[in-house]
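Chemist: Below you'll find the structure I mean.
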Amino acid sequence: MSRDDVEILETQTVWKGFFRMDRVRLRHRLFAGGWGQPITREVFERGHAAALLPYDPVRDEVVLIEQFRAAAMTAGAEPWLVEIVAGIIEEGETGEDVARRETVEEAGCEVTDIIPVMNVFTTPGGSSERIAIFVGRVNTQGVGGIHGLADEGEDIRVFTESLDAALARVASGGIVNVIAIAALQWLALNREEIQARWLTGDA
């Protein structure tokens, strides 16, 4: 089925701050045929985002970041999470624009080549957010330290490690951010192809 099989009856904004919450009344076609009864769903509207996994094919290293996440704290988990760089896509920007900018702001390194990996929903049961994930080529020499924009309250620890070490971190539960996990696993599946492309200059 497609968007043509949904009829939006009413949309009401019930809360608006940095993000927005809409209450949507709708009905949609059923797999068995015909239309279902009207239903009401609340949708968290936070815009869309882009994320990038910085990768050095020469050293076979990735750049990861660690920062405080209030929502992880309120969920009862450890509030400092290991992630990849990411940022919200503003009006007039592309996902690649944001991925390149955030890599400089959050990790302090420049992306020389970039590959689109996937465009995914994280929680489509309640949020409209879609995230464009990229892998970018960087030079990890000298990368690390504390980064982020102070006026945005960012305090980001940047570090590098081998791709294998990062994958071991995923396997042990040391990385619980699904965007980082997806990017790392994609790179694990495509490592040889990416190294061959970037190390031979065929970017």
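Chemist: Give me the distance in nm between label points sitting 7 Å out from Cα along the Cα-to-Cβ direction at Trp80 and Leu199, one decimal.
Modeler: 3.4 nm
Chemist: Put +1 on the Cβ of every Lys and Arg and -1 on every Asp and Glu Cβ in the chain; which of Gly33, Phe19, Gly47 then has its Cα farthest towards the positive end of the dipole?
Modeler: Of the listed residues, the answer is Gly33.
Chemist: Please compute the modelled spin-label separation between Phe18 and Val43, points set 7 Å along Cα→Cβ, answer in nm with one decimal.
Modeler: With each label placed 7 Å out from Cα toward Cβ, I get 2.3 nm.
Chemist: What is the calculated FRET efficiency for Thr122 to Leu30, with r their C-beta to C-beta distance and R₀ = 35 Å, to the nearest 0.05? It would help to have the intermediate numbers written out before the result.
Modeler: On the way: r = 27 Å, r/R0 = 0.76.
E(calc), rounded to 0.05, equals 0.85.
Chemist: Ok, one more. List the trypsin sites (Lys or Arg not before Pro) within region 9-49 that DSSP assigns to loop and that have no more than 16 neighbouring Cβ atoms inside 10 Å.
Modeler: Sites meeting the loop and neighbour criteria: Arg46.
Chemist: Using the 10 angstrom Cβ neighbour count as an exposure proxy, how do Asp5, Asp113 rank, fewest first?
Modeler: Taking fewest neighbouring Cβ atoms as first place, the list is Asp5, Asp113.
Chemist: Can you put Trp186, Trp15 in order of Cβ neighbours within 10 angstrom, beginning with the fewest?
Modeler: Values: Trp186 17, Trp15 12.
Taking fewest neighbouring Cβ atoms as first place, the list is Trp15, Trp186.
Chemist: Using Cα centres only, tell me the gap between region 23-42 and region 140-155 in whole Å.
Modeler: 46 Å
Chemist: Turning to a different aspect of this structure: First select every other residue whose beta carbon is under 15 angstrom from the beta carbon of Ser128; then total the charges, Lys and Arg +1, Asp and Glu -1.
Modeler: Surrounding charge for Ser128 is +3.
Chemist: Please report, to one decimal in angstroms, the Kirkwood hydrodynamic radius of the chain built from all distinct Cα-Cα pairs.
Modeler: Hydrodynamic radius (Kirkwood, Cα only) of the chain equals 18.8 Å.
Chemist: Fewest Cβ neighbours within 10 Å first, please rank Leu199, Leu163, Leu26 accordingly.
Modeler: Arranged by neighbour count, lowest to highest, Leu199, Leu163, Leu26 become Leu199, Leu26, Leu163.
Chemist: Another question, if that's okay. Measuring from a point 7 Å past the Cα of Asp60 along Cα-to-C-beta, which residues in region 146-186 have an amide N at less than 15 Å?
Modeler: Answer for this model: 161-168.
Chemist: Once Rh for region 58-101 is found with the Kirkwood sum over Cα pairs, what is the Stokes-Einstein diffusion coefficient at 25 °C and 0.890 mPa s, in µm²/s?
Modeler: Numbers: Rh = 12.7 Å.
This corresponds to a translational diffusion coefficient of 193 µm²/s.
FYI, it's all coordinate maths here, none of it is from the lab. Here the structure is a predicted model, which is why all the values come from computation and not from measurement. Positions of Cβ are generated from backbone atoms using ideal geometry, with glycine treated the same way; all protein chains shown enter the neighbour counts.
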